[in-house]
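The values are calculated or read from the model by the stated rules, or taken from the named source; none is laboratory data. Remember, it's a predicted structure, so these values are computed and weren't measured experimentally. All Cβ positions, glycine included, derive from the backbone under ideal geometry; neighbour counts span all protein chains shown. Please note that ligands, DNA and RNA were not included when accessible areas were found on the heavy atoms of the full protein model with its side chains. Shrake-Rupley method; radii C 1.70, N 1.55, O 1.52, S 1.80 Å.
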Amino acid sequence: MKRICTSLLTSAIAVGLAVASAPAGPSWKMKADYVEACSCHLFCPCYFSDSHGHKHAEHPFCEFNMAVTVREGHSGNVDLANTKYWLSGDLGDKWGTDKKAKWVTVSFDPKTSQAQRDALAPIILKTYGLEWGELKVQEAPIEIRQSGDIVEAKLADGQQAYMKLQRELGVDGNGVVLKNVKYFDAVQNDGFQMYKSIEHRADVTGHQFSYADRNAFLITIVSQETSAK
């Protein structure tokens, strides 16, 4: 009996040491599905450098909507799965080079708890890594639905923002996907599924815009805490 107890104790210590030496995961991480549209024509020029190494939007602005559903994620002990948020704003024309943007309004769905909002706020900022000239936060219901090649997203039942997007079918009819392009400061993405806007508009916090037949895409990203370089 004594030998058995000693063996169990040794095993327990070994397991404890293995757990203690295992690398800890990131304190926050999320995998999120984006429905996104902007004021440029297909596709976003800001993701690519010109001959001088600069990145510019098509216009002196880049007005956008992003409807986001967190597929899975956490921040500390806060579960972020199934939360929704919406970003409307203007990235300006040099965000890709200067890391500065004009304005953004972050809208949280009412079903998102205060603890989840508090956890998501810094994650959103770190995912984009931009300095915003104006940043506002509000609450409004978010709806996202897809039917075949059409995706619709509504903020406040479409009164504050609305997107209706149509998939670019491609040669084989199965859609066009752009891969091996970085999405802001996300650590991973599964490729940009190309769409065009049938309608894309916003009327939030004193800002208005409306576009049609412009750039849009769906993308799934992973954003997480990374070690300081």
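Tabulated results
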read-out: Under 19 Å from the Cα of Lys126 - lysines, other chains or at least 8 residues apart; value: Lys29, Lys31, Lys84, Lys94, Lys99, Lys100, Lys102, Lys136, Lys182, Lys229
read-out: Residue order for Tyr195, Tyr162 - accessible surface, 1.4 angstrom probe, largest first; value: Tyr162, Tyr195
read-out: Gain in span if fully extended, Val177 to Gln208, counting 0.36 nm per residue against the direct Cα distance; value: 8.2 nm
read-out: Bridge type composition, the stretch 98-172 - antiparallel percent by DSSP, nearest 5; value: 60 percent
read-out: Computed accessible area, Ser223, all protein chains, 1.4 angstrom probe, square angstrom; value: 0 Å²
read-out: Accessible surface of Asp98 - all protein chains present, 1.4 Å probe, nearest 10 Å²; value: 80 Å²
read-out: Residue-level accessible surface for Lys126, protein heavy atoms, 1.4 Å, Å²; value: 110 Å²
read-out: Pair Asn82, Glu199: separation of 7 Å Cα→Cβ label points (nm); value: 3.0 nm
read-out: Ranking by accessible area, most exposed first, for His74, His207 with a 1.4 Å probe; value: His74, His207
read-out: Inter-label distance, nm, simple model (7 Å from Cα along the C-beta direction), Lys111/Lys126; value: 2.6 nm
